[in-house]
Amino acid sequence: MLKIAVGHSNDPDSLEAVNEVLEQCQSTLGGEKPQAGILFSALDFEHSLLLQRIHEVFPDIELIGGTTDGEVSSILKFQQDSLTLMLFCSDEMEIRAAVGRDIAQNPLAIAQHTVKEAKSRLTLAPKLCIAIPESLTTSVSTIVQGLRLGLGDIPIFGGATADQLRVKQTYQFFKTEVLSDSVPILLFAGNLLFSHGIASGWRPIGKRSLVTKVEANTIYEIDGKPALDFYNYYLNDFAPDVAYPLAVFSPGETQYFLRGSVSHDLVLGSITMLGDVPEHSTVQITDASLEDIILASQTSYADALSSYPGKEPVAALFFSCAWRRIVMGTRTHEEYSAIAQSAKLPIVNCGFYTYGEIAPLEPFGQTFFHNTTFVTLLLGSR
């Protein structure tokens, strides 16, 4: 049996906030000791104090997490400048944490080694990975690729840590350590059921075109012409913007992930994206209404629920993009409300606003790094 507890506090005092969160979780657990947990925290809390206090209460917990651009939960719904904690209890499951440090030195190899370390502490085959990686010091796409190499077909979910759009330094949590430039992960094995859904609200328009020159996250040519020409054709010389991300169809994939633009070069005609674009991908420009973007959370949740393999899930994790929050502005709270109103959420949940989301494009498909997307992960047991 899987029992999951969530705590959430918006108290500005770090000690008061973490104590409130722990009390909420302990009330749900009823004396049971959690194996693992995930902590999502706003930037300005005393993170070392938070982790130390959690360790004092649950000294053997496998804990990961990171800083955010907003938090959500079944307790306080959408918040900013808050912290939320999800704890996992099961006598039929193994959950092990590991962390890769100094990830920018070699993201592919370090991520792969991190998986190896976590797997070495399991006696059962892993079924699921949750990762909360660095977002500013290196390519999250490469981190995900390294995790995939270590995990094989095991799906990965999560989000890249954020710093409330300051774009200076994000933090990741591993047990009692506050880190940067790292990738903490949790591996789940044993009696676990899960499903997921992804949606954005943006829809591809126009014809597909081939990326003919790209280096990591900078596209130089599309269909043999400067990448800016592609945008200008559809947007009437409007500069590339996150409001019009690219739908990227990786080679061999029928579904797409999104890439938002972060800058462009008028001389080179290039566009720099918020994540790597695979060579030989095809792309389409996208468009969306604000209503479509808000209601994407509802679609994501509904898709996850329709494919859930058990009777009903125990809990949900949500990963939504910080750029979505910017686009939604004062209506951001409606993203969570859309799920609650349609599903009347009977389960505990929490999540955070990320600098990019991690999920497969479809059930048991290859995991990719996403932009401007809402990811739902449902968890339960037989």
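Bear in mind these aren't lab numbers, they're just calculated from the coordinates by the rules spelled out. Everything quoted here is computed from the prediction, not taken from an experiment. Glycine gets a Cβ as well: all are built from the backbone with ideal geometry, and neighbour counts include every protein chain shown.
Mind checking the dipole of the chain: about its Cα centre, +1 per Lys or Arg Cβ, -1 per Asp or Glu Cβ, Debye to the nearest 20?
Roughly 800 debye for the chain.
Treat every Asp and Glu Cβ in segment 78-159 as -1 and every Lys and Arg Cβ as +1, leave all other atoms uncharged, and give the resulting dipole magnitude about the Cα centre to the nearest 20 debye.
260 debye
For the chain, find the longest principal axis of its Cα atoms and tell me its angle to the long axis of helix 47-57, 0 to 90°, nearest 10.
The angle comes out near 30 degrees.
Where does each of 220-228, 367-375 land if you order them by average Cβ count within 10 Å, highest first?
Packing proxy ranking, top to bottom: 367-375, 220-228.
What FRET efficiency would be calculated for the residue pair residue 109, residue 48, taking the C-beta separation as r and a Förster radius of 35 Å, to the nearest 0.05?
Efficiency for this residue pair is about 0.75.
Can you check what the Kirkwood hydrodynamic radius comes to for the chain, Cα pairs only, in Å to one decimal?
About 20.7 Å for the chain.
Please figure out what share of the DSSP beta bridges in segment 274-368 is antiparallel and state it in percent, rounded to the nearest 5.
Approximately 20 percent, going by the DSSP bridge assignments.
If R₀ is 25 angstrom, what is the calculated FRET efficiency for the pair residue 362 and residue 291, using the beta carbon separation as r and rounding to 0.05?
Calculated value: 0.50.
As I understand it, the dipole of the chain uses +1 on the Cβ of Lys and Arg and -1 on the Cβ of Asp and Glu, about the Cα centre. Which of 178, 250, 64 lies farthest toward its positive end?
250
Dipole magnitude of segment 203-287 about its Cα centre, charges +1 at Lys/Arg Cβ and -1 at Asp/Glu Cβ only, in debye to the nearest 20?
Taking the Cα centre of segment 203-287 as origin, the dipole is about 220 debye.
What is the count of Lys pairs in the chain whose alpha carbons sit under 23 Å apart, if the two are 8 or more places apart or on different chains?
For the chain, the number of qualifying lysine pairs is 20.
Take the Cα gyration tensor of segment 203-287, multiply each eigenvalue by 5, square-root it, and list the three semi-axes largest first, rounded to whole angstrom.
Result for segment 203-287: semi-axes of 17, 14, 12 Å.
Would you mind pulling out the separation of the Cα centroids of segment 113-146 and segment 327-382, in Å?
For segment 113-146 versus segment 327-382, the Cα centre distance is 20 Å.
Report the gain in length on full extension from residue 11 to residue 101: 0.36 nm times residue separation, minus Cα-Cα distance, nm rounded to one decimal.
The residue 11-residue 101 span can extend by a further 29.3 nm.
How high is the relative contact order of segment 203-287, in percent, counting Cα pairs under 8 Å that sit 6 or more residues apart?
42 percent
If each residue of separation counts as 0.36 nm, what is the full-extension length gain between residue 382 and residue 121 once their alpha-carbon separation is subtracted?
Extending this stretch completely gives an extra 91.6 nm.
Note the angle between two axes, namely the Cα long axis of helix 107-119 and the longest principal axis of the Cα atoms of the chain, as a number of degrees from 0 to 90, rounded to the nearest 10.
Value to nearest ten degrees: 30.
Suppose each label sits 7 Å from its Cα in the direction of the beta carbon; what would the residue 280-residue 1 distance come out to in nanometres?
Placing both labels 7 Å beyond Cα along the Cβ direction yields 5.2 nm.
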